[in-house]
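What follows is a single structure, written as structure tokens, with notes after it.
The values are calculated or read from the model by the stated rules, or taken from the named source; none is laboratory data. Bear in mind that the values here come from a model prediction, so they are computed numbers and not experimental data. All Cβ positions, even for glycine, are placed from backbone atoms using ideal geometry, and neighbour counts span all protein chains on display.
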Amino acid sequence: MKTRKPSAESQPKVVLQLGSWGSYLDEAAELEALLRKKPARLRIELVGVGELPPDTALLLRSILHARSPRTLVTTHARSSLHGAAVLVWLLGDQRLIREDARLHFRAAGPFENSDSATPWQEPDTLTDDEFESADYIRVLQLINEFLPVREMAGRSIELPTLRQFGLVDNAKTDEVLTALLARQKRPVAKPAKKPRVKRAGSPAQQRCARPVGECSPGQRKR
């Protein structure tokens, strides 16, 4: 019996309105509650012109990592994304982005192009602002697992570049791979055996290949 794939409207969804610099604790709690139900699919939409605090992006990452492996998460960038919001989008199993939307993040810490001979080191004691900077650097380190941060920082990353890195259209790729694997596992049909024609006479009579006149009575030339 065929099971119908749930539509986007029927999937549980969390919307992150990126309009202001807030804590987004309500959205994080909503996401955690939905994932606790172990849905087959879940959708996270990011919309607006603001940014996520780095600590919020790291919190959402920890919640997503604790989900059931049976839950497929789709992240949909309905606006251009900046800073830590880029990381949340990258965490989706399937990533969607508006065709004219872009990603952008600034360099910080070890990802900055510096002429200084002294390598960057995180200080032992941090102020509130330095804590936020340290969280942002951690976000960049995680983004670097998907995109080369040092080369991409400060640039507008558009859809063609995301396709080159295999970060979008992965659903179509998965469908192709699934079809290929199913084709490989399908048993190869064996050719049907031709029915054997029974010839009259004994085997000795059927094997006689001599001229008809030399064959014994009842034998036939093949």
Among the residues of the range 139-149, what is the count of those that are under 18 Å from residue 54 (Cβ atoms) and out of contact with any Leu (no Cβ under 7 Å at 6 or more places or on another chain)? 5
Residue 115 - would you say it is at pLDDT 90 or above and acidic (Asp, Glu)? no
